[in-house]
């Protein structure tokens, strides 16, 4: 077992005063937009909507950390839930918050934002605060009720050996830790290396903070946003003075088909890691993650099929020889199929693969080698609905990690998911 | 919400206490059901996946009630004609929200939206899943057992409807003002029940005189328990 350095409370994403302040400011009468004739009076006659979800998953120990998330929890051995509420302050503004927990030790405000619709007749919204994820097709359906299986696609969960708070000094440092995203030892200002989890391509368990503008009619959904963090490292408080620009476009050429494309560019390396670099290396910044994703969802009768490919590139500092071949790339592909056999039960299968670009060091005999161990996963199983809002799932998941730490592991996992 | 699937099922089978052979003189039970719903403090959150994208929707009319006879007269068991009914899907809403039918009725579910819908039910009285189908298409289900069937859309979690399936034809869905009318009831004494999705149901005894005629029955449904 490798030691894992737990994040300090300051590093963990927590409800941010700034977000609350922005949201509160927007909700104050007179703020954000002048009151117009016909608007509700100062004491708003809003409407409150509440909802929640709860799921408990059980599986054997994941000896090789295939299912660990950036919250350092095994997603197959997790009790998680959330309680959300939306309050319609006026016809044009709604405030939304959601409190989530994972196991007994982790509680956080996952959502806290205001949604503003400037014109009732135009399907255009502005969202401000800790906002829903924009990038990719899966991020908004990761919870028990929307996910036909238990795990998350690799792009949204599998931990790479890149960190937001420390950098590999050279290519050998990177190659030496292939396949160890759950505990990556890089120097971080101290005497020796410290250990922390790496980042996934897209961190779906945390929402970023910023402003989104979205338009949706029957055929087209378009969202563009400016946020504090990056796909792999969303934050509440900006930790590097770099903003992320993110966008997504979904086109429905027919009701049976949805084609989506997403793109993002944001700085992922935090300020302390960037400032700790040797001066020549600092000149190579900014340390950005660029990503593009395409996805498709097709359905017919009792079948639903989804596919998604995400390509991500991280620019990394070149500190010393043998130099890291920056940018480092990763490609994650997912194919998921669900078939409803009976009204109350369905079968589903998902195949995943994550490939990575090569770097060349002195390790591996100087042969260009993927900078992190490629991972594959197949998960198949089914779900049975006891009621419309209570579902049992049983799956089998098999994972493979290729390379120096080539490993293979299989699990049977079960989940009970409840939502209201 | 009080559901009476047992009553609905048993109502078709129970003849005890019902009048004898059908008579020419029949009566009408009519009146008004006042539904005293407390103001809705909460409604269901659209869910995490829809946060920020929720459309403003008109909530279903929870004031619609169904008035029916608990025990049906023998005339109820005359050979029924095959019936057809319809629940439309418009603006991500089932229309009507409450439908009452007799056993054997086939209900069409046309999709009048621009998006796909997937109508399904997990109710014991009728479990079905019509799969996804596009605008302009319609699928149908025949309801062959009495009971209450809750209908949903698998894609749009906010869509729901109720279908009450009766073993007889003596029922009525209230209109927008709460009025109802059950016609052709043979003389006799009956238990009239009221069902509403949001409030506990209630029952009253009603007698149609031998000469027939109209009997008026107004009922108020509220959260408060009835006094014995």
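Of all the residues in the stretch B:178-221, those that are assigned to a loop (DSSP other than H, G, I, E, B) and within 23 Å of residue B:150 (Cβ to Cβ) number 6.
Each residue in the stretch A:349-375 was checked for being out of contact with any helix residue (DSSP H, G or I) (no Cβ under 8 Å at 6 or more places or on another chain), more than 20 Å from residue A:184 (Cβ to Cβ) and crowded, with 16+ Cβ neighbours inside 10 Å, and 3 pass. If I filter the stretch A:286-325 down to residues being touching a strand residue (DSSP E or B) at 6+ places or on another chain (Cβ under 8 Å) and not in a strand (DSSP E or B), which single residue comes out as nearest to the other protein chains (Cβ to nearest Cβ)? Restricting to residues being touching a strand residue (DSSP E or B) at 6+ places or on another chain (Cβ under 8 Å) and not in a strand (DSSP E or B), the top hit is A:302.
Residue-by-condition table, conditions (1) touching a strand residue (DSSP E or B) at 6+ places or on another chain (Cβ under 6 Å); (2) part of a strand (DSSP E or B); (3) in contact (Cβ under 8 Å) with a residue 12 or more places away in the chain; (4) within 20 Å of residue A:71 (Cα to Cα):
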position: A:201; (1), (2), (3), (4): yes, no, yes, yes
position: A:204; (1), (2), (3), (4): no, no, yes, yes
position: A:213; (1), (2), (3), (4): yes, yes, yes, no
position: A:218; (1), (2), (3), (4): no, no, yes, no
position: A:221; (1), (2), (3), (4): yes, yes, yes, no
position: A:234; (1), (2), (3), (4): no, no, yes, yes
position: A:246; (1), (2), (3), (4): yes, yes, yes, no
position: A:249; (1), (2), (3), (4): yes, yes, yes, no
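The residues in the stretch A:336-348 that are more than 21 Å from residue B:123 (Cα to Cα) and surrounded by fewer than 18 Cβ atoms within 10 Å (Cβ to Cβ) can be counted, and the count is 1. The set of residues in the stretch A:146-172 that are out of contact with any strand residue (DSSP E or B) (no Cβ under 6 Å at 6 or more places or on another chain) and over 15 Å from residue A:314 (Cβ atoms) comprises A:146, A:147, A:152, A:156, A:157, A:169, A:170, A:172.
Scanning the stretch A:110-125 for residues that are over 19 Å from residue A:419 (Cβ atoms) and either within 10 Å of another protein chain (Cβ to nearest Cβ) or touching a strand residue (DSSP E or B) at 6+ places or on another chain (Cβ under 6 Å) (or both) turns up A:112, A:113, A:114, A:115, A:116, A:117, A:120, A:123, A:124, A:125.
Specify the residue that is farthest from the other protein chains (Cβ to nearest Cβ); the eligible residues are those in the stretch B:92-122 that are assigned to a loop (DSSP other than H, G, I, E, B) and farther than 16 Å from residue B:167 by Cβ.
Going through the stretch B:92-122, the residues assigned to a loop (DSSP other than H, G, I, E, B) turn out to be B:92, B:96-97, B:103-105, B:112-116.
Next cut, farther than 16 Å from residue B:167 by Cβ only: B:92, B:96-97, B:112-116.
Details: B:92: 11, B:96: 20, B:97: 16, B:112: 12, B:113: 8, B:114: 4, B:115: 5, B:116: 4 Å.
Step by step, filter the stretch B:92-122, then rank; the result is B:96.
Tell me the residue from B:107, B:149, B:165 that is at pLDDT 95 or above, in contact with a helix residue (DSSP H, G or I) (Cβ under 8 Å, 6 or more places away or on another chain) and farther than 20 Å from residue A:303 by Cα, please.
Values: B:107 fails: in contact with a helix residue (DSSP H, G or I) (Cβ under 8 Å, 6 or more places away or on another chain); B:149 fails: in contact with a helix residue (DSSP H, G or I) (Cβ under 8 Å, 6 or more places away or on another chain).
B:165 is the lone residue from the list that is at pLDDT 95 or above, in contact with a helix residue (DSSP H, G or I) (Cβ under 8 Å, 6 or more places away or on another chain) and farther than 20 Å from residue A:303 by Cα.
Has the stretch A:404-420 got at least one residue that is within 14 Å of chain B (Cβ to nearest Cβ), assigned to a strand (DSSP E or B) and over 12 Å from residue A:150 (Cα atoms)? Checked against the condition, which is being within 14 Å of chain B (Cβ to nearest Cβ), assigned to a strand (DSSP E or B) and over 12 Å from residue A:150 (Cα atoms), the stretch A:404-420 yields at least one hit.
The values are calculated or read from the model by the stated rules, or taken from the named source; none is laboratory data. The structure presented is a predicted model; accordingly, all values stated were derived computationally and were not measured. Every residue, glycine among them, receives a Cβ derived from its backbone with ideal geometry; neighbour counts consider all protein chains shown.
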